[in-house]
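Peer 1: This is the structure I want to talk about, given as structure tokens.
Just so you know, all these numbers are worked out from the coordinates, no wet-lab data involved. Fair warning: this is a prediction, and the values are worked out from it, not measured in the lab. For neighbour counting, all protein chains shown are included, and Cβ atoms are generated from backbone atoms with ideal geometry for every residue, glycine included.
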Amino acid sequence: MCGRYSLTCDPRRLRAYFDLADSGVFSAPRYNIAPSQMVPAVVAVDGARCLDLFRWGLIPSWAKDEKIGYSTINARAETVDSKPAFRSAFRHRRCLIPADGFYEWQAVDGHKLPWRIVPQDDDGLFAFAGLWETWEGGGRSVHSCTIIVGEPNERVRAIHDRMPVILEPDSFDAWLDERATVPALRELLRPLPDSRLRLYRVSEHVNNPRHDDAACISPLG
């Protein structure tokens, strides 16, 4: 699963990488983004890519209450087009979730060691394949999202058995295209090549979701 990630880049770089019409909803660096928090995501609006905020943890439109969002922070690539919580969003409401790194925990002798996975290019960004929904209840609307996870590449497999589906820029239009077919979308749900990322250990400071500072991303030692 993907349960934490970061987005610390300059908003201008974010706007350029995703060719955004506007990046105004993102202004402050986030070092330790956690489930249930509001996160920026790229959606297509009238042919333009726009950035909007969504609660991390998808709430299907048919849900009785918001609590389901705690168990839907990730959607498995293998079942995303058939699982009731995600299948409608997979067909009609897809997004790109920007990140400049994500965290995974390696189990070693009963202890979990945090690692940060980042683009190989120091100036690079990740685009997680995501889905979004709008839920209405209690007289209000909640916009929420989920990150699709799939098989890891060999480099990530050494520490964890899942990783986010990360899309390359030449796949952005295909992913956001409202006319895309399910087979065409499923073709995009593959691991990012090993050469496109690198890993390094970070301290257990990141384990606490209340910690959102530069110490979360600092290499250990």
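Peer 1: For the chain, what is the mean residue ellipticity at 222 nm derived from helices alone (per DSSP H run of n ≥ 4: -39500 (n - 2.57); sum divided by total residues; nearest 500 deg cm²/dmol)?
Peer 2: Computed mean residue ellipticity for the chain: -2500 deg cm²/dmol.
Peer 1: Something else about it: Please compute the length gained on full extension between residue 178 and residue 112, using 0.36 nm multiplied by the number of residues separating them and subtracting their Cα-Cα distance.
Peer 2: 19.7 nm
Peer 1: Starting from 0.36 nm per residue, how many nanometres of slack lie between residue 21 and residue 82 once their C-alpha separation is accounted for? Walk me through the numbers before you get to the answer.
Peer 2: Details: separation 61, 0.36 × 61 = 21.96 nm, distance 3.25 nm.
Stretched fully, the residue 21-residue 82 segment lengthens by 18.7 nm.
Peer 1: Roughly how many whole Å is it from the C-alpha centroid of region 72-148 to that of region 17-69?
Peer 2: Here the two parts' Cα centres lie 10 Å apart.
Peer 1: In addition: If each of residue 45 and residue 64 carries a label point 7 Å out from its Cα toward its Cβ, how far apart are those two points in nm?
Peer 2: Spacing of the two 7 Å Cα→Cβ label points: 3.4 nm.
Peer 1: Restricting to DSSP loop positions (anything but H, G, I, E, B) with no more than 14 other Cβ atoms inside 10 Å of their own Cβ, which GluC sites (Glu not before Pro) remain in region 57-144? Mind showing how you got there, number by number?
Peer 2: Details: sites: 66, 78, 104, 133, 136; in loops: 78.
Within region 57-144, the qualifying GluC sites (Glu not before Pro) (loop, at most 14 other Cβ atoms within 10 Å) are 78.
Peer 1: Another question, if that's okay. Given the options 41, 28, 99, which has the most mean-square fluctuation in a GNM of the chain, springs set between C-alpha atoms less than 10 angstrom apart?
Peer 2: In the Gaussian network model the winner is 28.
Peer 1: Nearest-5 percent of antiparallel DSSP beta bridges in the chain? Show your work: numbers first, answer last.
Peer 2: Details: 43 of 49 bridges.
Just about 90 percent of them are antiparallel.
Peer 1: Still on this structure: Which FRET efficiency value, to the nearest 0.05, is calculated for residue 190 and residue 37 with the Förster distance at 30 angstrom and r the Cβ-Cβ distance?
Peer 2: 0.60
Peer 1: Right, something else. Does region 52-104 classify as rounded, prolate or oblate by the C-alpha gyration tensor (a ≥ b ≥ c root eigenvalues; a/c under 1.5 gives rounded; else a/b over b/c gives prolate, otherwise oblate)?
Peer 2: Prolate, because a/c is 1.5 or more and a/b exceeds b/c.
Peer 1: A further question on this structure: For residue 204 and residue 161, what is the calculated FRET efficiency with R₀ set at 22 Å and r taken between the beta-carbons, to the nearest 0.05?
Peer 2: Result of the calculation: an efficiency of 0.55.
Peer 1: With a ≥ b ≥ c the root eigenvalues of the C-alpha gyration tensor of region 158-210, is it rounded (a/c under 1.5), prolate (a/b larger than b/c) or oblate?
Peer 2: prolate
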